[in-house]
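Worksheet: the structure to be examined is printed underneath.
The values are calculated or read from the model by the stated rules, or taken from the named source; none is laboratory data. Since we're looking at a predicted model, the values are computed, not measured. Just so you know, the surface numbers come from the protein's heavy atoms only, side chains and all, with ligands and any DNA or RNA stripped out. Shrake-Rupley method; radii C 1.70, N 1.55, O 1.52, S 1.80 Å.
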Amino acid sequence: MGKEVAQSFSDILKEFLALNDLTQTAFALAIGVKQSQVSEWLHEKAKPSYDLLRKMALTYNVSADYFLGIADTF
């Protein structure tokens with residue numbers, strides 16, 4: 001069996017924003033960070049902390065496993 005290549009956090013976040021018709025700014029405001037921070041995540045320059053990942057999951061009622069690439073659906 002071949003190993004499945006996991007999506008990067010950046011790809012997962014891009015997909016989530018697109019599927020939910022969210023801008024970087026709207027997403028940032030909802031979770032309490034600057035838009036520039038979201039941009040860094042999307043450009044793979046940084047990753048969110050545990051606390052921010054938790055806030056994303058709670059704010060959007062999405063499993064943290066989705067943002068971590070463990071679950072395919074949110």
Mean ellipticity per residue at 222 nm, deg cm²/dmol - from DSSP H runs of n ≥ 4 across the chain, formula -39500 (n - 2.57): -16000 deg cm²/dmol
Of the heavy-atom accessible surface of region 22-74 (probe 1.4 angstrom), what whole percent is carbon and sulfur? 51
Using the alpha carbons of the chain, what is the convex hull volume per residue in cubic angstrom, as a whole number? 91
Please give the length that would be gained between SER10 and THR23 if that part of the chain were fully extended, namely 0.36 nm times their separation in residues minus their C-alpha to C-alpha distance (nm, one decimal). 3.2 nm
Taking the solvent-accessible surface of protein heavy atoms with a 1.4 Å probe, what is the per residue accessible area of region 20-74 in Å²? 66
